[in-house]
Amino acid sequence: MKIYSISVLRNDGGSAHPLAAEYNLAEFGYFQKSSVQEFMGFFSKTVAERTLAGQRQSVDESNYVGHVYARAEGVAGVVITDKEYPARVAFSLLNKILDEFIMRYPVEKWSGTVQYPELAEYLKKYQDPKQADSIMKVQRDLDDTKVILHKTIEGVLQRGEKLDSLIERSEELSSQSKVFYKTAKKTNSCCVVM
């Protein structure tokens, strides 16, 4: 699960204009990075332009998924991830980024690019959706608890089987000791010592 790009674009009806963006291109080769970044910028711009205000959508493009959220204020956020990344986490990230962006930067500052260093932090933090998202943390904790319970139950069942085996053996031993006692009594009854 990976996030490759987070972009904030001005999207007030016409052509979308990038305001801030951050990319994670570490897995691409040196000569591929500029092409991949250009593709992701174009993809973000295109998807933002085609998303109506107030809408959220996910768009599949070969190995990538673009999650976009266009706000009524004229700003859109795009997160490009791999196909395994959970859409719910991507949209919660977009919601958080756009809320923060609108609070921090008024519309008057949206003419060019905006310095938004928190995007790099979000890109790093949300690489692992289980750490960043509280619901996924709870789910992971529940899964861990379930594994522990299964191991505990298996241990109890194994101990129960061992106890059943011990009871069986003790019953066999008890019946054998009774037979031995009777045989010994008969053997000893023929010879009485005085």
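Of all residues being in a loop (DSSP other than H, G, I, E, B) and either touching an Asp or Glu at 6+ places or on another chain (Cβ under 6 Å) or polar (S, T, N, Q) (or both) in segment 44-56, which is surrounded by the fewest Cβ atoms within 10 Å (Cβ to Cβ)? Just the residue, please.
By that ranking, first place goes to GLN55.
Here's the yes/no breakdown for (1) out of contact with any helix residue (DSSP H, G or I) (no Cβ under 9 Å at 6 or more places or on another chain); (2) modelled with pLDDT of 85 or more:
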{"site": "ASN11", "(1), (2)": "no, no"}
{"site": "GLY14", "(1), (2)": "no, no"}
{"site": "HIS17", "(1), (2)": "no, no"}
{"site": "GLU22", "(1), (2)": "no, no"}
{"site": "LEU25", "(1), (2)": "no, no"}
{"site": "PHE28", "(1), (2)": "no, no"}
{"site": "GLN37", "(1), (2)": "yes, no"}
{"site": "PHE42", "(1), (2)": "yes, yes"}
{"site": "THR46", "(1), (2)": "yes, yes"}
Study note, to complete from the structure: Of (1) in contact (Cβ under 8 Å) with a residue 60 or more places away in the chain; (2) part of a helix (DSSP H, G or I), TYR116 satisfies every one except (2)
Point to revise | Long-range neighbours under 7 Å by Cβ, at least six apart or interchain, first residue among the hydroxyl-bearing types (Ser, Thr, Tyr) within segment 56-71, second surrounded by fewer than 18 Cβ atoms within 10 Å (Cβ to Cβ) | key: SER58/ALA87; TYR64/ASP82; TYR69/ARG56; TYR69/ASN95
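Based on what the data block shows, is THR113 open to solvent by 80 Å² or more (accessible area, probe 1.4 Å) and hydroxyl-bearing (Ser, Thr, Tyr)?
Details: open to solvent by 80 Å² or more (accessible area, probe 1.4 Å): yes; hydroxyl-bearing (Ser, Thr, Tyr): yes.
Yes, satisfied.
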Exercise for review: Sort through LYS124, LYS178, LYS151 and tell me the only one that's closer than 30 Å to ALA20 by Cβ and either modelled with pLDDT of 75 or more or not charged (D, E, K, R) (or both).
Suggested key: LYS124
Study note, to complete from the structure: Going through (1) of a type outside the set (D, E, K, R); (2) in contact with a helix residue (DSSP H, G or I) (Cβ under 6 Å, 6 or more places away or on another chain); (3) open to solvent by less than 30 Å² (accessible area, probe 1.4 Å) one by one, VAL59 fails only at (3)
Exercise for review: Mind listing just one residue for me: the one in segment 6-43 that is part of a loop (DSSP other than H, G, I, E, B) and either acidic (Asp, Glu) or touching a His at 6+ places or on another chain (Cβ under 9 Å) (or both) and, of those, least open to solvent (accessible area, probe 1.4 Å)?
Suggested key: ASN11
Exercise for review: Answer with yes or no whether TYR122 is surrounded by 13 or more Cβ atoms within 10 Å (Cβ to Cβ), over 19 Å from GLY66 (Cβ atoms) and among the aromatic types (Phe, Trp, Tyr).
Suggested key: no
Exercise for review: Go through (1) part of a loop (DSSP other than H, G, I, E, B); (2) farther than 20 Å from VAL107 by Cβ and name the single condition ASP60 misses.
Suggested key: (1)
Practice item. Determine if segment 88-106 includes at least one residue that is of a type outside the set (S, T, N, Q), open to solvent by 40 Å² or more (accessible area, probe 1.4 Å), in contact with a Lys or Arg (Cβ under 7 Å, 6 or more places away or on another chain) and touching a residue at least 40 places away in the same chain (Cβ under 8 Å). Key: no
Practice item. Go through segment 82-109 and give me each residue that's more than 28 Å from the chain's Cα centre (by Cα) and among the aromatic types (Phe, Trp, Tyr). Key: TYR105
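The values are calculated or read from the model by the stated rules, or taken from the named source; none is laboratory data. Just so it is clear, the model here is predicted, and its values are computed rather than measured. No Cβ is skipped: glycine too gets one built from the backbone with ideal geometry, and neighbour counts run over all protein chains shown. Just so you know, the surface numbers come from the protein's heavy atoms only, side chains and all, with ligands and any DNA or RNA stripped out. Shrake-Rupley method; radii C 1.70, N 1.55, O 1.52, S 1.80 Å.
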